[in-house]
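Structure first, then comments.
We did not get these values from a lab; they are worked out from the coordinates using the rules stated. What you see is a predicted model, and the numbers here were worked out from it, not measured in a lab. Cβ placement follows ideal geometry from the backbone for every residue including glycine, while neighbour counts extend to all protein chains displayed.
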Amino acid sequence: MTIQFDHNDEFYRTSLEENALDYLVKTGEFCSKAINDTSYWKWLVISLHGALYHFMLAALVRSDQSGIYKKEIRNTKGFIDSTPEKLRVIEFLEAYEWIKESDKMKKYVHSQFLKSNDYNDNAMEELNNVFRNQFIHYKPICWGIEIQKIKEVVEGVLPILRFLISDSGNISWHNNTPQDAAQILDEIHKHLLPKRIP
């Protein structure tokens, strides 16, 4: 699966959607490597968290760049004040709660909000609080992680990614399509959960 990114030699340009897709691509790459090298499970968790977070933000953000901030401050012309110190993007678990609210996800006529269950909710909390945060903000401990537990968390969050990519109707696609991203999800599923139906 080849994903096209619009880059040249002089500048690195990115967007919310490209960032999300790049994290997803990296998740697929780390997934295939984790089968033979357990150190890649860390990178798989970090990239999967990044993919989820950025796809959630991409599903929530509106054309005027609103919809993803804790508190929106507008200038005298009514536009979002993009001064960095004035804007704080919602955090991972806040974004997860917001994609389950119909009013926050209502961007287009065909927009959908997520209907989750306890399994999905617990998997998202564990991905963020137990695994990703410990990997990113590593405390000096000896930490043994059962690979099966990571797989269970991945299994719980993949349907959320699939919803955002294929069913929310809120992601703006430019150089790539939801089918490209869904194909990467299928490959991740095949590597990690070969006997399960997505």
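A Gaussian network model of the chain, with springs between Cα atoms under 10 Å, assigns the largest mean-square fluctuation among Tyr23, Tyr119, Tyr96 to Tyr119.
Using the Karplus relation 6.51 cos²θ - 1.76 cosθ + 1.60 with θ = phi - 60°, the per-residue 3J(HN,Hα) values for region 19-31 come to 4, 4, 5, 5, 4, 5, 4, 5, 4, x, 5, 5, 4 Hz, with x marking Gly and Pro. Of interest is the spacing of the C-alpha centroids, which for region 36-52 and region 131-177 amounts to 8 Å. Counting only Cβ charges, +1 for Lys and Arg and -1 for Asp and Glu, the dipole size of the chain around its Cα centre is about 320 debye.
When each of the peptides 51-64, 149-162 is scored by how many other beta carbons lie within 10 Å of its residues on average, the order from highest to lowest is 51-64, 149-162. Residues whose amide H comes within less than 5 Å of that of Tyr69, counting only those at least five positions distant or on another chain, are Ile90 (H built at 1.01 Å from N in the peptide plane). Principal axis extents of the C-alpha atoms in region 56-129 (largest first, rounded to whole Å): 44, 32, 14.
The coefficient of translational diffusion for region 108-186, derived via Stokes-Einstein from the alpha carbon Kirkwood radius under 4 °C and 1.567 mPa s, stands at 89 µm²/s. Sequentially through region 122-128, phi angles give Karplus couplings (6.51, -1.76, 1.60; θ = phi - 60°) of 5, 5, 5, 5, 5, 4, 6 Hz, Gly and Pro residues having no value and appearing as x. Between Leu93, Leu21, Leu164, the GNM of the chain built on Cα springs shorter than 10 angstrom shows Leu93 fluctuating the most.
Each Lys or Arg adds one and each Asp or Glu takes one away; over the other residues whose Cβ falls under 13 Å from the Cβ of Pro178, this sums to -3.
Projected onto planes of every orientation and averaged, the convex hull of the alpha-carbon atoms in the chain covers 13.5 nm².
As a length-normalised measure over Cα pairs under 8 Å and 6 or more apart, the relative contact order of the chain settles at 26 percent. Across region 50-57, computed HN-Hα scalar couplings (Karplus, 6.51 cos²θ - 1.76 cosθ + 1.60, θ = phi - 60°) run x, 4, 4, 4, 6, 5, 5, 4 Hz from first to last residue, x flagging Gly and Pro.
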